[in-house]
Structure formats: C-alpha cells, structure tokens
1. Which of the residues spanning the stretch 59-81 are under 13 Å from LEU107 (Cα atoms) and surrounded by 14 or more Cβ atoms within 10 Å (Cβ to Cβ)?
2. What residue, among those in the stretch 85-115 that are farther than 30 Å from ALA57 by Cβ and free of Cβ contacts under 8 Å to residues at least 12 places away in the same chain, is surrounded by the fewest Cβ atoms within 10 Å (Cβ to Cβ)?
3. Residues to consider are ALA94, ALA39, ALA101; find the one that is over 17 Å from ASP22 (Cβ atoms) and more than 17 Å from the chain's Cα centre (by Cα).
4. Of all residues in the stretch 63-83 being among the small types (Gly, Ala, Ser) and touching a residue at least 12 places away in the same chain (Cβ under 8 Å), which is nearest to TYR26 (Cα to Cα)?
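Just so you know, all these numbers are worked out from the coordinates, no wet-lab data involved. Worth saying up front: this structure is predicted, and the values here are computed from it rather than measured. Cβ placement follows ideal geometry from the backbone for every residue including glycine, while neighbour counts extend to all protein chains displayed.
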Amino acid sequence: MTRALVVCLLAIAALARAADDDCLQYEPSVVELRGKLVAEGDDAFALVPDHPFCTHATAGNGMNPAVSGVKRVQLALSDGQKPSEKLLGMHVVARGSLFGARGGILLIAEKVSAAP
C-alpha cells in the first residue's frame with residue numbers, strides 16, 4: 001500500500017510540474033491568446049481567454065509576478081490604436097507580449113483579428 005501511495009504522489013507531482021510548464025512568459029516573449037474581446041469603459045478593452053492560464057515570474061522584475069488562473073487580460077495595441085469595434089464580443093486571436101499591470105496582466109498586442 002505504501003508503494004502505491006508513493007507512486008500516486010510522484011504522478012501528481014509530475015502532472016503539477018507539467019501544468020506549470022504550460023505557463024506563459026512575460027515580455028519579451030510573444031504569446032498568442034484566443035478569447036472574447038470585450039469593452040471596459042470608453043477606451044479600454046480586455047480579452048477573456050478561452051481557458052484560464054498562468055504566467056511565470058520574471059526574475060528581478062517585481063512587476064511581472066507568477067499568476068495562476070488568469071481569466072481576463074487588459075488589452076492595448078502596440079501602435080496605440082483601438083481594436084476594431086466590429087470585433088467586440090467576437091472570438092479573436094491576439095498576439096503580443098504580456099506585462100504586469102496594476103489591475104492584473106496587460107497584453108500589448110501586435111495584432112488582434114477574428115479567430116478562424
């Protein structure tokens with residue numbers, strides 16, 4: 001019985017490590033997120049990802065902490081423009097870099113387009 005318990009615990013630890021490896025990196029890494037584009041006020045936008053995700057902390061940068069269960073990402077386009085209003089409420093793909101922000105996580109997106 002003890003051997004079976006040890007095997008189970010090792011399997012659980014391996015799964016936890018594998019899940020942690022799926023966490024996203026902050027800038028300068030480029031990530032691609034899929035989800036619903038929503039408005040947050042007059043000039044603010046967010047992406048509600050299809051699945052909650054986690055981030056790895058950036059060593060030496062307290063603004064980019066490890067976070068788990070991210071369900072909403074503030075969104076800004078890298079050229080300073082706003083996402084097209086016709087994409088609001090739609091399923092989109094956003095590609096860019098993640099940054100830690102006061103209210104959570106910010107994605108500076110190079111591109112936001114309708115998901116295929």
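1. Scanning the stretch 59-81 gives ASN64, VAL70, ARG72, VAL73, GLN74, LEU75, ALA76, LEU77.
2. LYS86
3. Details: ALA94 fails: more than 17 Å from the chain's Cα centre (by Cα); ALA101 fails: more than 17 Å from the chain's Cα centre (by Cα).
That would be ALA39, the only listed residue that is over 17 Å from ASP22 (Cβ atoms) and more than 17 Å from the chain's Cα centre (by Cα).
4. Of the stretch 63-83, the ones among the small types (Gly, Ala, Ser) are 66, 68-69, 76, 78, 80.
Filter again for touching a residue at least 12 places away in the same chain (Cβ under 8 Å), leaving 66, 68-69, 76, 78.
Details: ALA66: 10, SER68: 13, GLY69: 15, ALA76: 15, SER78: 15 Å.
If we take residues in the stretch 63-83 being among the small types (Gly, Ala, Ser) and touching a residue at least 12 places away in the same chain (Cβ under 8 Å), then ALA66 is nearest to TYR26 (Cα to Cα).
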